[in-house]
Structure formats: structure tokens, C-alpha cells
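Asks: Before I ask anything, here is the structure I am working with.
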Amino acid sequence: MKKNPLLYMFISVLFILALLDFIAPDKKFSELENRTLKTKVKFTAKSYLDGSFGRDYEKYINDQFIERDLWINLKSRSENILGKVENNGIIYGNYGYLFEKFTYIDNERFNTNINAVNTLIKNSQAKISLLIAPNSYGVYDENLPYGAPVINQKLGISKIYENILGENEVNVYPRIIENKEDYIYYKTDHHWTTLGAKYAFDALSTALGIDSPTQEYTIYPVTHSFQGTLTSKSGYDKGMDTIELYIPQNVNTDCVVNFVDEGKRTASMYESAALENKDKYEVFFGGNHSRIDISTPMEGKKNLLLFKDSYANCFIPFLVPYYRNIIVIDPRYYYDNIESLITDNEITDILFLYNVNTFMGDTSLGDVLAAE
């Protein structure tokens with residue numbers, strides 16, 4: 001039989017990879033994907049019989065494949081070269097932009113959130129405002145590939161506001177579009193930048209009753225090497241972003257930040273240690289938390305309750321100089337009674353701040369507001 005050197009080479013490569021997989025220590029975290037990896041799976045008769053061992057072991061093999069991050073990166077780059085316009089739910093846009101693919105509105109989830117907010121509007125004595133932020137592809141749609149399957153965010157935001165009772169909505173879309181030539185969205189991450197949040201705050205301040213918000217800020221670029229969630233999901237790591245902190249001048253920004261569930265108190269809204277990690281956006285409050293209480297020395301009795309997703313993390317510092325207390329709730333992690341929270345903390349103002357994709361696709365807000 002004639003020997004085939006390519007076959008022997010292929011078998012050798014497979015053997016070497018399998019050997020390296022076997023002897024290499026498990027990785028607990030993928031910096032590229034920004035997630036915890038599956039580690040060794042314990043075999044039990046029960047897990048074998050119910051099929052969970054097989055599923056978990058497959059995840060383990062996939063997560064611990066030797067040089068996994070390298071292969072993901074090579075796959076992403078090769079597909080991009082071959083003309084593929086998306087990978088793992090992330091769309092490759094022009095000028096280095098990555099966009100989160102969002103193609104479908106779940107009407108049940110949408111209605112759940114709308115009804116929950118409207119119920120609070122009807123039952124609460126507090127001043128209520130709703131801010132729905134567009135995502136980057138809703139602003140830079142000209143940078144999307146032709147025919148990219150995404151929803152019309154302008155219409156989506158209008159649909160939300162049309163279904164909210166009264167005149168509680170604040171439409172920041174025109175202000176964002178007006179300033180789209182500025183650096184208001186990250187290219188590698190799904191959040192707006194701090195400048196984008198500032199433009200939104202400028203549009204929102206009147207609705208919140210803030211008559212003369214400061215217009216002077218000291219701007220600190222704290223990193224130029226941020227690669228966010230869109231890079232992590234797509235494996236496409238060619239670009240980097242800059243994160244900036246905006247510190248307002250001529251107003252008091254002193255505060256005490258209480259991370260309630262963690263039992264941690266600090267005098268800063270910023271977590272500098274996060275700048276050494278993959279997700280540098282966690283420089284704002286160290287990421288997402290179920291409840292954060294912020295106390296300030298401001299005189300008066302203006303107390304704000306903020307329901308939010310992570311778009312609010314870089315937005316909150318703009319609010320701090322204008323409230324005695326701010327209670328920040330992330331409904332994805334919060335399970336206590338909202339009515340008691342409002343009463344016990346003498347809440348005078350309530351703000352809902354979400355990006356449009358989260359508001360349309362997440363039911364945690366409706367669950368929290370409906371909880372007894």
C-alpha cells in the first residue's frame with residue numbers, strides 16, 4: 001500500500017493536539033470572550049443517565065481546546081476576509097464598527113415591560129421619566145452592510161413612547177443624531193461613550209427639573225486599549241476604544257457609594273482596578289450590581305430611584321450633583337419589593353434608563369415591578 005505523507009501528518013497533528021489538550025491545565029477565564037470557561041466535569045451515574053454529563057463534557061472540550069482564543073480569532077479574521085459580514089451575532093460594519101445584531105421584537109416581553117411601567121406611573125406620586133437610548137447601529141446605520149438584518153430603532157423607540165402613559169418620555173434620539181460625528185459610541189462595545197451619555201443628560205436634565213446643569217467638565221482619558229463585548233463575542237480584535245471620565249466643574253461631586261448586597265462602601269463611583277481587566281467598562285462602579293445607594297451632601301429632599309441597564313453606568317455620575325440620594329436598581333439582579341423601597345426612601349423622582357434592545361428583549365423589569 002502506498003504511503004500517504006499528508007495522512008500521517010494529519011494524524012500526527014491530531015495526536016499532538018489531543019496530547020496538549022490532555023496535559024495543559026484548564027483555563028478558568030477567556031480574556032477574548034470575557035467569560036468564565038467550563039472546567040473539568042465530574043462523572044456521576046445520575047449525570048450520565050440524564051444526559052447532563054455528555055452536554056457538560058462537550059462544553060468542557062470546546063472551552064478547553066488548546067489555544068482556543070487563537071482559533072476563534074483566526075476564524076473571525078478569515079471569515080471577514082472571505083466577505084462574511086457577521087459572526088456569533090455580531091455584524092462587521094464600516095470603519096471598524098462592530099454592531100450587535102437584533103432582528104426580532106418579542107411582543108410579549110415588550111408588552112410586559114410597557115404595562116409594568118404604566119402601572120407604576122398610575123400608582124406613584126413621584127415624578128417619572130423614561131429615557132430609551134438607541135444602540136450604535138440605530139445611529140450609524142450607514143455603516144451597516146447592505147441588507148443587514150436589524151430592526152429600525154427609531155421606529156422601535158417611537159413604539160415604546162407611544163405606549164407609555166402621559167408625557168413621561170424623553171426622546172434623546174434627535175440630540176444623539178445631531179452629534180453623531182462625535183465619539184459617542186464605542187466601536188468594539190455595545191455601550192455609548194461617556195460623551196454620548198453626556199449628550200443624553202443634557203437632553204434629559206430639563207425633564208428631571210435640573211434648571212442649570214453644569215456645562216464644564218474636566219475630561220480624563222483612563223485607557224486607550226478598551227476592547228468591549230462586541231469584540232469578545234465576535235473574536236474580531238483589530239480595533240480599540242478610549243474610555244473617558246467626565247468630572248463636572250463648579251459643583252459638589254462628593255458622595256458615598258453603598259453596594260448594598262456586597263456590604264461595601266466607597267467614596268468613589270469609579271473602580272480603577274477594572275482598567276487592568278478585560279472589561280474596562282467596569283471602571284464605572286465595578287460593573288452591574290443589584291442595588292447601589294448613593295448619598296450626597298446636597299441640601300433638599302430630592303431622592304431619585306433609577307431603574308437601569310448597563311447604559312446607565314457611565315450616565316449616573318452626571319446625576320450625582322443634583323440629588324440628595326440616588327438608589328440604583330438593576331432589575332436583572334434585584335428581587336425585593338419596589339413599593340416599600342419607594343416609600344421607605346421618600347423617593348421624589350423615578351427614572352427608567354435603558355437601551356432599546358434591552359427594554360424590548362428583557363422581562364426582568366416587568367417581574368420586579370410586579371413583585372409583591
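The values are calculated or read from the model by the stated rules, or taken from the named source; none is laboratory data. Here the structure is a predicted model, which is why all the values come from computation and not from measurement. Here the Cβ positions follow ideal geometry from the backbone for every residue, glycine too, while neighbour counts run over all protein chains shown. The area values use the complete protein model at the heavy-atom level, side chains included, leaving out ligands, DNA and RNA. Shrake-Rupley method; radii C 1.70, N 1.55, O 1.52, S 1.80 Å.
Asks: Total Lys pairs in segment 149-295 closer than 16 Å by alpha-carbon, pairs eight or more apart in sequence or interchain only?
Replies: Count of close lysine pairs: 9.
Asks: How large is the dipole of segment 170-259 about the Cα centre if only Lys and Arg carry +1 and Asp and Glu carry -1, each at its Cβ, rounded to the nearest 20 debye?
Replies: For segment 170-259, the charge dipole is close to 320 debye.
Asks: With θ set to phi - 60° and the Karplus curve 6.51 cos²θ - 1.76 cosθ + 1.60, what are the ³J(HN,Hα) couplings of segment 104-118 in order, to the nearest whole Hz, using x for Gly and Pro?
Replies: 9, 9, 7, 4, 5, 5, 4, 5, 4, 5, 4, 5, 5, 5, 5
Asks: Rounded to whole Å, give me the distance from the Cα center of segment 305-324 to that of segment 155-180.
Replies: Here the two parts' Cα centres lie 19 Å apart.
Asks: Tell me the per residue accessible area of segment 316-372 using a 1.4 Å probe; a whole number in Å² is fine.
Replies: 37
Asks: Counting residues in segment 153-257 as N, plug N into 2.2 N^0.38 Å and put the Cα Rg over that result.
Replies: Segment 153-257 yields a ratio of 1.27.
Asks: Please report the antiparallel percentage of the DSSP beta bridges confined to segment 286-364, to the nearest 5.
Replies: Just about 35 percent of them are antiparallel.
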